[in-house]
Structures are given as C-alpha cells and as structure tokens.
Amino acid sequence: MADPDGLGRDITPMARGPHNPNVKVNAFGFPGRFKSEGAVAAATERADSARRAHTLTVLFILTCALGYVTLLEETPQDTAYNTKRGIVASILVFLCFGVTQAKDGPFSRPHPAYWRFWLCVSVVYELFLIFILFQTVQDGRQFMKYIDPHLGVPLPERDYGGNCLVYDPGNGTDPFHNIWDKLDGFVPAHFFGWYLKTLMIRDWWMCMIISVMFEFLEYSLEHQLPNFSECWWDHWIMDVILCNGLGIYCGMKTLSWLSLKTYKWQGLWNIPTYKGKMKRIVFQFTPYSWVKFEWKPASSLRRWLAVCGIIFVFLLAELNTFYLKFVLWMPPEHYLVLLRLVFFVNVGGVAMREIYDFMDDPKFHKKLGQQAWLGHRVPDRRQVRPLHADAVSPVLHHPVLDPGDYPRAHLDSLAVLHP
C-alpha cells in the first residue's frame with residue numbers, strides 16, 4: 001500500500017484482520033513494517049529542517065549585515081538617501097522577525113513562512129496607511145515622489161462613454177471602431193482579477209452580486225471619475241457577461257477541480273524517479289487540503305451580516321483601484337499598482353479562509369484570524385474619517401471635479417494602496 005505521509009513506511013493489508021496478535025505494529029501505531037529505519041529518520045529530519053523557522057540562522061545573518069553597516073561601511077552624506085535606506089532596513093528587520101516568530105495561519109503551502117511574510121507586510125502596510133491618514137492630498141502626492149520620482153504628475157483621464165454605437169455607419173474604414181477602442185489593458189485585468197477573486201470567495205452568487213453592484217457604483221460615481229463613464233454595452237456585456245463572467249466561470253471550474261482532487265502527499269525524498277520529484281515540487285504550490293465554502297447567508301442573522309460585510313469590503317477594494325490613480329496621480333501600469341494587486345491576492349485569500357472558519361465553527365475558532373483582523377481594521381477607520389473631516393464635499397456640487405481640488409477627506413477615506 002502507498003505511503004500516505006511520506007515517512008518511508010510500507011503498510012500491507014492484513015488478511016487476518018487488525019486484531020490479530022501476530023501482526024506487528026510499528027512505532028507510529030500503524031500495522032506493517034518500515035522499509036528501513038534509516039530512511040525514515042532521514043526523511044523525517046529533512047522534512048523538519050524544511051519547516052523550521054531557522055531563527056538562529058536569520059538572527060546571525062541580520063547581525064552580520066548590521067555589523068557590517070555599523071563597523072565597516074562609510075555613511076554617505078546624502079540625507080534623503082540615508083533616510084530611505086534606514087526605513088527600508090527597519091522594514092526588512094521587522095519582516096525577518098515576523099517571518100521567524102509570527103504565528104502560522106490556515107495555509108501551509110508552499111511554505112508557512114510565505115504566509116507569515118505577507119502577514120508582516122500587512123502590518124507594515126497598515127502603519128503606512130496610518131501615516132498617510134494625517135497627510136494632505138498635496139503632501140501625499142509629494143511623498144509618493146520619494147518612492148518614485150516619476151510620480152506626482154497629473155494623468156489624463158479617459159472617457160469610455162461618448163459614441164456608444166456598436167456599428168458606426170459613418171466610419172467607412174472600421175464601423176466597429178467603438179468596440180476596438182474599448183479593448184485595452186482593463187480587459188485582461190477584469191478577467192484575471194475576477195478569476196482570482198472567485199478562488200478567494202469560492203461562491204458563484206457572491207461573485208456575481210459584487211460584479212453587478214460594482215457596475216451600479218460606476219453609474220453613481222461617473223461624475224467623479226471619467227473612467228466610470230461607459231456605454232451600456234460596455235457595462236453589462238463586456239464587463240459583467242464577458243470579462244467578469246468568464247473569469248468567474250473559469251474560477252468555478254478551478255474550484256471544482258480542486259474539490260475533486262485527491263490530496264495524498266508523499267515526501268520528496270521518498271519518490272524514486274526524477275519525473276515524480278519534479279511533479280511533487282510543482283504540486284507543492286497547490287493546497288495541502290481543500291475546504292469548500294458554504295456561506296449560507298440566509299441561515300442566520302450573523303452569517304447574513306458577515307456576507308454583507310464581505311461584499312462591502314470587496315466593493316471598496318474595487319473602488320480604491322481607480323481612486324488610487326485619480327487621487328495620487330498613479331498610472332495604471334505603475335509597478336506599485338501591480339504590487340498592490342499581488343498583495344491583495346495573497347492577503348485576501350488568507351483573510352477569507354479565516355473569516356469562513358470563524359463563521360462556520362465559532363466554538364473551535366473563538367476569535368477572528370490575525371490576517372482577517374488586519375484586513376478589516378483599515379476600511380472601518382477610512383469610512384469614519386471623511387464624515388468627521390468634511391461633511392459637505394464639493395464633489396456633490398460639481399459634475400466634474402478637478403483632481404487638484406479633491407478634498408483631503410477622500411484621500412483619507414481611500415487610504416492609498418489598500419485593497
């Protein structure tokens with residue numbers, strides 16, 4: 001029989017039953033015999049070494065690096081450069097501490113340290129948001145220049161509305177030019193974004209509700225953001241049905257495959273062939289096990305409120321992607337926008353699992369998970385601040401708002417780069 005735990009043991013079916021006194025039981029309490037005690041010890045030691053936090057190794061490397069800077073390196077006389085390097089070094093030391101000392105979350109693949117790293121990035125990110133919360137819009141834009149000198153430049157806003165004819169007979173060269181004009185980088189972004197969000201939420205109905213509600217938000221806020229001014233067929237056919245719908249469909253198919261997959265793991269060093277080892281390495285980046293989410297919002301008031309809160313946070317995350325560009329003049333292709341999306345995918349997946357565990361089994365999970373707590377603290381604070389800072393926004397009185405006049409309260413409420 002195959003080795004289920006990758007410990008090098010050979011379990012053979014017992015013809016006379018498990019209660020036969022002549023059947024030997026190994027040290028792990030299973031009937032059968034080990035292939036070799038040495039192989040078991042070596043496999044166990046290698047597995048333990050790969051999962052250890054290596055706290056002393058990381059501490060030694062950090063001590064050597066900081067000792068080199070302190071004793072051997074000559075300090076530059078550039079204040080701005082030293083400030084940037086000091087902030088980066090402080091963040092790196094905190095990340096090293098968190099990766100080795102933080103508590104593990106619900107995910108263990110590809111490695112628990114990977115998810116501890118994103119937890120620590122969440123802490124650094126929230127501290128950055130708290131700092132931004134106390135800045136004006138102009139100061140926030142100038143601060144982004146310290147990260148990238150090319151930022152802080154006003155961006156042209158593209159209006160996707162205007163001529164909404166699907167077939168334009170007045171254009172003899174290309175009557176379908178209105179369709180081709182709408183096919184830009186947001187089309188694959190919509191598809192892959194909703195594919196990944198489906199893997200996080202794991203529910204078709206919730207994904208479709210968020211997708212449709214966001215289109216209504218675009219209708220409501222197109223007086224602020226010209227990007228939200230779209231043709232009706234761009235809203236409902238290209239976005240909801242084609243891009244979002246296809247991403248949700250592919251995501252549900254992936255979820256179906258993951259739920260049907262057999263999760264039976266074998267240690268890498270116990271696989272005899274190189275092909276098998278390579279396959280095992282690739283599958284290290286797949287889940288260790290699978291949990292199907294059944295949100296059941298109608299089963300209780302608690303679950304209904306939780307589902308409504310999840311939908312609200314996802315809609316806020318969608319809006320922030322566009323307001324980020326609008327308020328701080330960040331082009332969509334900038335690497336910080338991409339890093340924000342990568343951050344959202346890794347943090348959101350863990351947070352959704354912790355929320356579901358807390359909802360589904362509150363007796364076992366007595367408190368909300370650490371990643372879910374971090375992910376939901378900032379949106380609450382961002383929504384209260386604009387009511388306190390600017391009760392009557394000039395947005396309500398101007399059909400088109402100049403980015404330079406955008407109120408400080410909206411920068412606070414959107415909290416730059418937060419998902």
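Consider the stretch 95-119 and keep the residues that are hydrophobic (A, V, I, L, M, F, W, C) and under 19 Å from Thr57 (Cα atoms). The one that is most open to solvent (accessible area, probe 1.4 Å) is Phe97. Do you know which residues across the stretch 251-286 are open to solvent by less than 40 Å² (accessible area, probe 1.4 Å) and closer than 18 Å to Ile201 by Cα? If the condition is that a residue be open to solvent by less than 40 Å² (accessible area, probe 1.4 Å) and closer than 18 Å to Ile201 by Cα, then Gly251, Thr254, Leu255, Leu258, Thr286 are the ones that fit.
One line per residue, one yes/no per condition, for (1) open to solvent by 80 Å² or more (accessible area, probe 1.4 Å); (2) within 24 Å of Tyr219 (Cα to Cα):
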{"position": "Thr136", "(1), (2)": "no, no"}
{"position": "Val153", "(1), (2)": "no, no"}
{"position": "Asn171", "(1), (2)": "no, no"}
{"position": "Phe186", "(1), (2)": "no, yes"}
{"position": "Ala189", "(1), (2)": "no, yes"}
{"position": "Trp205", "(1), (2)": "yes, yes"}
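I'm trying to understand the selection: among the residues of the stretch 300-312, which are surrounded by fewer than 19 Cβ atoms within 10 Å (Cβ to Cβ) and part of a helix (DSSP H, G or I)? Hits for the stretch 300-312 are Leu301, Arg302, Arg303, Trp304, Leu305, Ala306, Cys308, Gly309, Ile311, Phe312. For Leu315, state whether it is out of contact with any Lys or Arg (no Cβ under 8 Å at 6 or more places or on another chain), closer than 30 Å to Phe228 by Cβ and either open to solvent by 40 Å² or more (accessible area, probe 1.4 Å) or at pLDDT 85 or above (or both). It is true that Leu315 is out of contact with any Lys or Arg (no Cβ under 8 Å at 6 or more places or on another chain), closer than 30 Å to Phe228 by Cβ and either open to solvent by 40 Å² or more (accessible area, probe 1.4 Å) or at pLDDT 85 or above (or both).
Contact map, the stretch 179-203: residues that are of a type in the set (Ser, Thr, Tyr) paired with residues that are assigned to a helix (DSSP H, G or I) and surrounded by 19 or more Cβ atoms within 10 Å (Cβ to Cβ), Cβ distance under 6 Å, separation 6+ or inter-chain. Pairs shown: Tyr195/Gly247; Tyr195/Gly251; Thr198/Cys207; Thr198/Ile248; Thr198/Gly251. The residues listed here are Arg381, Arg353; of these, the one that is of a type outside the set (A, V, I, L, M, F, W, C) and either modelled with pLDDT under 85 or touching an Asp or Glu at 6+ places or on another chain (Cβ under 8 Å) (or both) is Arg381.
Against the test of being assigned to a helix (DSSP H, G or I) and at pLDDT below 55, the options Ala42, Ala15 yield a single qualifying residue, Ala42. Residues considered: Leu368, Leu341. Of these, the only one that is of a type outside the set (Asp, Glu), at pLDDT 85 or above, open to solvent by 40 Å² or more (accessible area, probe 1.4 Å) and under 15 Å from Leu319 (Cβ atoms) is Leu341. Restricting the first member to the stretch 73-91 and to residues that are in contact (Cβ under 8 Å) with a residue 24 or more places away in the chain, and the second to residues that are in a helix (DSSP H, G or I) and open to solvent by less than 80 Å² (accessible area, probe 1.4 Å), the beta-carbon pairs closer than 7 Å and six or more apart or on different chains are Ile91/Val124. Among the numbered conditions (1) more than 21 Å from the chain's Cα centre (by Cα); (2) free of Cβ contacts under 8 Å to residues at least 60 places away in the same chain; (3) over 20 Å from Tyr195 (Cβ atoms), the only one that Ala306 does not meet is (1).
Take the conditions (1) open to solvent by 70 Å² or more (accessible area, probe 1.4 Å); (2) modelled with pLDDT of 85 or more; (3) outside any helix (DSSP H, G or I); Pro297 misses just one of them, which is (1).
Within the stretch 263-282, the set of residues being touching a residue at least 12 places away in the same chain (Cβ under 8 Å) and under 30 Å from Trp194 (Cβ atoms) comprises Tyr263, Ile281.
Taken as a whole, the structure leaves Phe216 outside the set of residues that are aromatic (Phe, Trp, Tyr) and surrounded by 12 or more Cβ atoms within 10 Å (Cβ to Cβ). What is the number of the single condition among (1) of a type in the set (Phe, Trp, Tyr); (2) open to solvent by 40 Å² or more (accessible area, probe 1.4 Å); (3) closer than 29 Å to His223 by Cα; (4) in a helix (DSSP H, G or I) that Tyr167 does not meet? Unmet for Tyr167, out of (1) of a type in the set (Phe, Trp, Tyr); (2) open to solvent by 40 Å² or more (accessible area, probe 1.4 Å); (3) closer than 29 Å to His223 by Cα; (4) in a helix (DSSP H, G or I): (4).
Among the residues in the stretch 229-242, are any more than 30 Å from Glu354 (Cβ to Cβ), touching a strand residue (DSSP E or B) at 6+ places or on another chain (Cβ under 8 Å), among the polar types (S, T, N, Q) and open to solvent by less than 40 Å² (accessible area, probe 1.4 Å)? Yes, because at least one residue in the stretch 229-242 is more than 30 Å from Glu354 (Cβ to Cβ), touching a strand residue (DSSP E or B) at 6+ places or on another chain (Cβ under 8 Å), among the polar types (S, T, N, Q) and open to solvent by less than 40 Å² (accessible area, probe 1.4 Å).
The values are calculated or read from the model by the stated rules, or taken from the named source; none is laboratory data. All of these numbers come straight from a predicted model, not from anything done at the bench. When we count neighbours, we look across all protein chains shown, and the Cβ atoms used for this are built from the backbone with ideal geometry, even at glycine. To get the accessible areas, we keep the full protein, side chains included, count just its heavy atoms, and leave off ligands, DNA and RNA. Shrake-Rupley method; radii C 1.70, N 1.55, O 1.52, S 1.80 Å.
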